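The structure appears below as C-alpha cells.
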C-alpha cells in the first residue's frame, strides 16, 4: 500500500514536469495525480478522461530507476521524503526491485476514475434497475471486470486467491466481479441479479470454497457461511441531509 502511495506521487510529479510544470512548484504543490488534472486539461483538452492519454504520452513503460527519477525531479528522493520513515523504506524496497512502474500505477488511477464516472452515468440514466436492466447490468459488470483486471495487472494489489475467486464467481454466473476492501483488497464484490443470488452463492461454494476446504486451504463451515458469503443490495450511500428540507420549514 505504501509503495503505491509513493509511486503515484512520483508519477504525478514527473507527469507535471513533463507537461511544463516548474520543478520547484511541482515539488511543493503536487501530491497526488489529481493535482495534475489542470495541466492535463490545458494540454489535452480534458481532465480525468484524458489522464490515460497523458500518461501514455509522458510516462514511459517499464521501471523508472531511483537515479532516473532524481534526474527528472532535480532533487534527491531522500530529501524529498525526509522525515517520512515509511516512504524512505519504500524507496529502499524500490531500489531492490530495480525501480518503480510509474506508468502502470498512473494508468490504473486515471482509468479507474473514468470507470467510476461511466458506471455512475449508467446508474443515473434511469430511476429503476428494472428499466433496460439486462443491458445496463452487463455494462456495469464489464466495468467491474475491467476494474479487477487493472487492479491485478497494473496496480498489482490483487493476489492469486482473489483472482481465482473472481474467476469462480464469473463461472458461477456473476455479471461482474472485482476485489474490494479497505486499502488493499481482501474481499470480493459480485454483481448478480437478485433472483439469482441464492443459486449463485450455492454455486460459488461448490466451485471455490468446497475444493479449498478439501485441500486444507480454508477452514470454514460450508453450512454456516453467513459471515463469509452473503447478499446485499446497492444503496444510496453516504449523503448530507438538510434537516430544514426534511422538516419542510426554515431552521
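The values are calculated or read from the model by the stated rules, or taken from the named source; none is laboratory data. Predicted model, so just to flag it, every value in this text is computed and none were measured. With ideal geometry, Cβ positions are generated from the backbone for all residues, glycine too; neighbour counts draw on all protein chains shown.
Among the residues of the range 175-225, those that are part of a helix (DSSP H, G or I) and farther than 20 Å from residue 159 by Cα comprise 194, 195, 196, 197, 198, 199, 200, 201, 202, 203, 206, 214. Got a number for residues in the range 145-172 being out of contact with any strand residue (DSSP E or B) (no Cβ under 9 Å at 6 or more places or on another chain) and outside any helix (DSSP H, G or I)? Number of matching residues: 3.
Only residues that are farther than 22 Å from residue 16 by Cα and in contact with a helix residue (DSSP H, G or I) (Cβ under 6 Å, 6 or more places away or on another chain) were counted across the range 72-89, and they come to 1. Just name the residue that is modelled with the highest pLDDT out of those in the range 207-251 that are within 24 Å of residue 123 (Cα to Cα) and more than 23 Å from the chain's Cα centre (by Cα). In this case the residue turns out to be 240. Only one entry of 158, 172 meets the criterion of being surrounded by 14 or more Cβ atoms within 10 Å (Cβ to Cβ) and either modelled with pLDDT under 95 or under 15 Å from the mean Cα position of the chain (by Cα) (or both), and that entry is 158. Restricting the range 33-71 to residues that are outside any helix (DSSP H, G or I) and out of contact with any helix residue (DSSP H, G or I) (no Cβ under 6 Å at 6 or more places or on another chain), the residue that is surrounded by the most Cβ atoms within 10 Å (Cβ to Cβ) is 63. Candidates are the residues of the range 72-114 that are in contact (Cβ under 8 Å) with a residue 40 or more places away in the chain and in a loop (DSSP other than H, G, I, E, B); the one that is surrounded by the most Cβ atoms within 10 Å (Cβ to Cβ) is 101. Within the range 211-236, the set of residues being closer than 19 Å to residue 192 by Cα and surrounded by fewer than 10 Cβ atoms within 10 Å (Cβ to Cβ) comprises 226, 227, 230, 232, 233, 234, 235, 236.
Residue check: residue 203 meets all listed conditions (1) more than 26 Å from residue 123 (Cβ to Cβ); (2) in the same structural domain as residue 139 (by TED's automatic domain parsing); (3) modelled with pLDDT under 95 but one, namely (3).
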